[in-house]
Amino acid sequence: MPSTQFLNLAPQAQERIRRESLREFAGCGYDLASTNRIVEAIGISKGVLFKYFTDKESLFLYVADHAVRMYSRALPQGMEGDIFDWLREATAYKLRFIHEEPLVYRLALRILKEPQHPVYAKALACQGQIQMQEAVTHRLLALVPVERLRPGVAPEDVLQLLTWIATGIADRFLASFPDGVGDDFDAVYQALTVEFDRYLTILKDGVLGREVGV
């Protein structure tokens, strides 16, 4: 975690260090990332960088934790409607956030795809990640219409199923995003959110109609 010297820097200086470190870690991953390239991009010496952070791992964990907190702030905070409404809104936020902060998304993918990596495992266990997961889970469980569930169906199971489906749909959308959609982003974003809304409606209303003659 950062030293007092880092925390005493001007906000602009802190942000520059975070941004250039994020660019390197997102682009190269932890193992291939170079602190030499980071300090060169920032315009400081390696000695100065290691006065702010004890080592490369400490810098990485700080950058990863900050990225998680950025993403958690982008999630919708209200709890109006039901769980389907929240998932629809949260996915829309996710798509726009990824467009605006692609480096955060790339870093997150690297961590999530290699959870067994010793440093990535520490990032997944960081306090910011845990707090975000707990807050989102608590929020969503409160939106599950418990009174309408069939006997034997647990709210936690419903939440897990819907989360898997929503994540799969969102990832399918993200795969169609080229790097930097540019001026066309709003049109692509709108088309994908309309399609996502259609899938959520199917999930909410079910896939089977009434039997003929019933």
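The values are calculated or read from the model by the stated rules, or taken from the named source; none is laboratory data. Predicted model only: the values in this text are computed from it and were never measured. Note: ideal-geometry Cβ built from the backbone for every residue, glycine included; neighbour counts use all protein chains shown. For the accessible areas, the whole protein counts, side chains as well, though only heavy atoms, and no ligand, DNA or RNA atoms are used. Shrake-Rupley method; radii C 1.70, N 1.55, O 1.52, S 1.80 Å.
Could you pull out the residue among Gln129, Gln133 that is assigned to a helix (DSSP H, G or I), open to solvent by less than 60 Å² (accessible area, probe 1.4 Å) and modelled with pLDDT under 80? Write out each step before concluding.
Details: Gln133 fails: open to solvent by less than 60 Å² (accessible area, probe 1.4 Å).
Going through Gln129, Gln133 in turn, the sole match is Gln129.
For the range 142-155, does any single residue satisfy the condition of being of a type in the set (D, E, K, R), more than 19 Å from Ala108 (Cα to Cα), at pLDDT below 65 and not in a loop (DSSP other than H, G, I, E, B)? No, the range 142-155 has no match at all.
Scanning the range 19-61 for residues that are open to solvent by less than 40 Å² (accessible area, probe 1.4 Å) and within 16 Å of Gln5 (Cα to Cα) yields Leu49, Tyr52, Phe53, Ser58, Leu59.
Being of a type in the set (Val, Ile, Thr), closer than 24 Å to Leu7 by Cβ and at pLDDT 85 or above: is that true of Val104 here? Give the steps one after another, and end with the answer.
Numbers: of a type in the set (Val, Ile, Thr): yes; closer than 24 Å to Leu7 by Cβ: yes; at pLDDT 85 or above: yes.
Spelling it out, Val104 is indeed of a type in the set (Val, Ile, Thr), closer than 24 Å to Leu7 by Cβ and at pLDDT 85 or above.
State yes or no: is Val188 open to solvent by 60 Å² or more (accessible area, probe 1.4 Å), among the β-branched types (Val, Ile, Thr) and either more than 30 Å from Asp31 (Cα to Cα) or at pLDDT below 75 (or both)? No; evaluated as a whole, the condition is false for this residue. The criterion of being among the aliphatic types (A, V, I, L, M), open to solvent by less than 40 Å² (accessible area, probe 1.4 Å), modelled with pLDDT of 90 or more and closer than 30 Å to Leu162 by Cβ does not hold for Leu87.
Looking only at the range 62-81, filter to residues that are among the charged types (D, E, K, R) and open to solvent by 30 Å² or more (accessible area, probe 1.4 Å); which one of those is modelled with the highest pLDDT? Talk me through it step by step, then tell me what you get.
Filtering the range 62-81 down to residues among the charged types (D, E, K, R) leaves 65, 69, 73, 80.
Add one more test, that the residue is open to solvent by 30 Å² or more (accessible area, probe 1.4 Å), and what stays is 69, 73, 80.
Values: Arg69: 79, Arg73: 68, Glu80: 61.
Among residues in the range 62-81 that are among the charged types (D, E, K, R) and open to solvent by 30 Å² or more (accessible area, probe 1.4 Å), the one modelled with the highest pLDDT is Arg69.
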